[in-house]
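These notes concern the structure reproduced below.
The values are calculated or read from the model by the stated rules, or taken from the named source; none is laboratory data. Model, not experiment: these values are computed from the prediction. As a convention, Cβ positions derive from the backbone with ideal geometry for all residues, glycine included, and neighbour counts pool all protein chains shown. Heavy atoms of the whole protein, side chains included, go into the accessibility calculation; ligands, DNA and RNA do not. Shrake-Rupley method; radii C 1.70, N 1.55, O 1.52, S 1.80 Å.
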Amino acid sequence: MAVHPSTPALTPTERPLLPSTASSPAQGRMPEVDFELDEFDSDEQIYLAFYRQVAVREDMLVPLAEYHTASGVHSYYVLFDRTATYGHPGMPQYVAVHLQRDQEKRTFDFEQAPLPLPAMAQSWLIHRGCPPDVIGLNPELGPPPADEATRALERRLVGDGDHYAMGYSYTRDDPDDMVTVVALRALDERAPSPFRVVVDEVDTEAWTHTLREGGFATVEEALQWCDDRLTGTVGPLPAVRPTASPTRPTLPPKASVPRPPGRSR
């Protein structure tokens with residue numbers, strides 16, 4: 001089932017807020033991304049696609065995590081795009097990039113995906129061959145998790161990202177209400193709460209973020225909750241229904257076996 005929600009009618013005052021700004025405890029120069037393609041070429045179509053989709057804003061991409069295989073064939077990046085919401089409110093602020101280099105031909109190819117949460121970018125890369133234990137986020141960039149519930153949900157999104165399809169997201173980077181809402185659909189139609197909403201909220205004073213998840217029976221309910229959160233009229237997230245545990249069928253009690261005739265002892 002494809003989800004094609006309309007963009008909420010919102011007019012917030014929005015501006016990109018870096019993972020590390022004056023309001024963040026982490027100070028210093030922003031790290032810069034290096035795609036290490038100076039000695040590589042590609043056909044015109046791939047080269048132009050990489051430029052238009054990624055490299056055109058290279059100086060505004062902050063690497064939150066990256067990994068390069070020892071052979072130099074593969075590189076994986078989780079990037080924060082500081083320009084994502086310039087003139088495009090609601091757009092995802094993170095980009096996952098997978099580079100593949102042919103060392104003999106000195107050519108390259110790539111995949112990229114804009115995603116609303118860093119954990120989703122990590123999951124995307126892991127399912128394209130990146131080892132899970134090498135793509136952790138730089139703890140000095142971005143607000144840390146506010147609690148263990150946030151950390152647990154992040155781990156699950158990283159590991160179970162292929163269990164869901166993203167249907168809708170909206171990122172609001174207004175410092176007075178920094179929030180990202182994401183609507184997901186479970187690929188297993190038998191899953192309880194087949195539609196999920198994940199909400200990421202940043203406390204700009206404490207410089208922490210809180211991640212929570214709710215479950216919905218229909219896509220309309222999930223999208224309505226997202227709209228309500230963005231317009232400030234939302235109620236609490238409904239709990240995700242637990243997975244039903246398999247139970248053994250109840251067997252009728254065994255009938256007593258009659259004693260064969262004979263002398264009693």
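Residues A217, A206, A239: which one is open to solvent by 50 Å² or more (accessible area, probe 1.4 Å), farther than 16 Å from V182 by Cα and at pLDDT 50 or above?
Step by step, each of A217, A206, A239 is checked, and only A206 is open to solvent by 50 Å² or more (accessible area, probe 1.4 Å), farther than 16 Å from V182 by Cα and at pLDDT 50 or above.
Contact map, the stretch 90-119: first residue more than 21 Å from P145 (Cα to Cα), second residue small (G, A, S) and at pLDDT 95 or above, Cβ cut-off under 7 Å, separation 6 or more or different chains; pairs are L99/S75; R101/G72; Q103/G72; Q112/A96; A113/A96. The residue that is farthest from V219 (Cα to Cα), counting only those in the stretch 175-186 that are in a strand (DSSP E or B) and open to solvent by 30 Å² or more (accessible area, probe 1.4 Å), is D177. Can we say V199 is modelled with pLDDT of 95 or more, surrounded by 15 or more Cβ atoms within 10 Å (Cβ to Cβ) and within 22 Å of P143 (Cα to Cα)? It is true that V199 is modelled with pLDDT of 95 or more, surrounded by 15 or more Cβ atoms within 10 Å (Cβ to Cβ) and within 22 Å of P143 (Cα to Cα).
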